(Lines give C-alpha, C1' and ligand atoms only; values in the text may rest on other atoms or scores of the structure.)
Protein backbone atom coordinates (compact mmCIF):
# COMPACT_ATOMS: atom_id res chain seq x y z
CA UNK A 1 0.00 0.00 0.00
CA UNK A 2 1.39 3.40 -0.96
CA UNK A 3 1.65 6.22 1.51
CA UNK A 4 -1.06 8.89 1.01
CA UNK A 5 0.02 12.30 -0.24
CA UNK A 6 0.19 14.88 2.53
CA UNK A 7 -1.68 18.19 2.17
CA UNK A 8 -1.01 21.21 4.40
CA UNK A 9 -4.31 22.66 5.64
CA UNK A 10 -3.74 26.42 5.59
CA UNK A 11 -6.82 28.41 6.55
CA UNK A 12 -8.29 31.00 8.89
CA UNK A 13 -9.43 28.39 11.42
CA UNK A 14 -5.96 28.47 13.02
CA UNK A 15 -7.16 31.70 14.66
CA UNK A 16 -10.54 30.31 15.78
CA UNK A 17 -11.28 29.08 19.31
CA UNK A 18 -9.74 25.66 19.97
CA UNK A 19 -12.98 23.65 19.80
CA UNK A 20 -14.16 25.30 16.58
CA UNK A 21 -10.71 24.88 15.03
CA UNK A 22 -10.66 21.18 15.89
CA UNK A 23 -14.15 20.63 14.44
CA UNK A 24 -13.25 22.27 11.13
CA UNK A 25 -9.88 20.51 10.84
CA UNK A 26 -11.40 17.13 11.71
CA UNK A 27 -13.89 17.54 8.85
CA UNK A 28 -11.17 18.64 6.41
CA UNK A 29 -9.03 15.65 7.42
CA UNK A 30 -12.01 13.30 7.06
CA UNK A 31 -12.77 14.53 3.54
CA UNK A 32 -9.13 14.22 2.52
CA UNK A 33 -8.84 10.74 4.05
CA UNK A 34 -11.89 9.62 2.04
CA UNK A 35 -10.16 10.92 -1.10
CA UNK A 36 -6.94 9.08 -0.23
CA UNK A 37 -4.92 11.98 1.20
CA UNK A 38 -3.56 12.94 4.61
CA UNK A 39 -4.40 16.40 5.95
CA UNK A 40 -1.74 18.19 7.98
CA UNK A 41 -2.95 20.89 10.38
CA UNK A 42 -0.64 23.88 11.03
CA UNK A 43 -1.21 23.20 14.73
CA UNK A 44 0.10 19.62 14.41
CA UNK A 45 3.25 20.66 16.26
CA UNK A 46 4.51 20.15 19.78
CA UNK A 47 5.30 23.83 20.34
CA UNK A 48 5.04 25.17 23.87
CA UNK A 49 5.64 28.72 25.02
CA UNK A 50 6.67 30.31 28.28
CA UNK A 51 5.38 33.66 29.49
CA UNK A 52 8.95 34.97 29.39
CA UNK A 53 9.43 34.23 25.69
CA UNK A 54 9.31 37.38 23.56
CA UNK A 55 6.62 37.55 20.87
CA UNK A 56 9.14 37.82 18.01
CA UNK A 57 10.84 34.63 19.23
CA UNK A 58 7.47 32.88 19.42
CA UNK A 59 6.62 34.01 15.93
CA UNK A 60 9.92 32.74 14.58
CA UNK A 61 9.43 29.33 16.19
CA UNK A 62 5.88 29.10 14.81
CA UNK A 63 7.20 30.05 11.36
CA UNK A 64 9.95 27.40 11.54
CA UNK A 65 7.55 24.69 12.73
CA UNK A 66 5.05 25.49 9.99
CA UNK A 67 7.78 25.54 7.33
CA UNK A 68 8.86 22.07 8.48
CA UNK A 69 5.26 20.84 8.24
CA UNK A 70 4.85 22.35 4.77
CA UNK A 71 8.16 20.86 3.64
CA UNK A 72 6.94 17.44 4.82
CA UNK A 73 3.90 17.70 2.52
CA UNK A 74 3.65 16.85 -1.17
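Side notes on the structure shown:
- Those residues of segment 15-45 which are more than 22 Å from residue 4 (Cβ to Cβ) and within 12 Å of the chain's Cα centre (by Cα), in sequence order: 15, 21
- Residues (assigned to a loop (DSSP other than H, G, I, E, B) and surrounded by 12 or more Cβ atoms within 10 Å (Cβ to Cβ)) located in segment 1-46: 4, 9, 10, 11, 16, 41, 42, 43, 44, 45
- Criterion applied to 68, 52 was being at pLDDT below 95 and exposed (fewer than 14 other Cβ atoms within 10 Å of the Cβ), and the one residue passing it is 52.
- Residues in segment 47-62 that are in a helix (DSSP H, G or I) and closer than 19 Å to residue 21 by Cα: 62 alone.
The values are calculated or read from the model by the stated rules, or taken from the named source; none is laboratory data. All values derive from a computational prediction rather than experimental measurement. We place every Cβ from the backbone using ideal geometry, glycine too, and count neighbours over all the protein chains shown.
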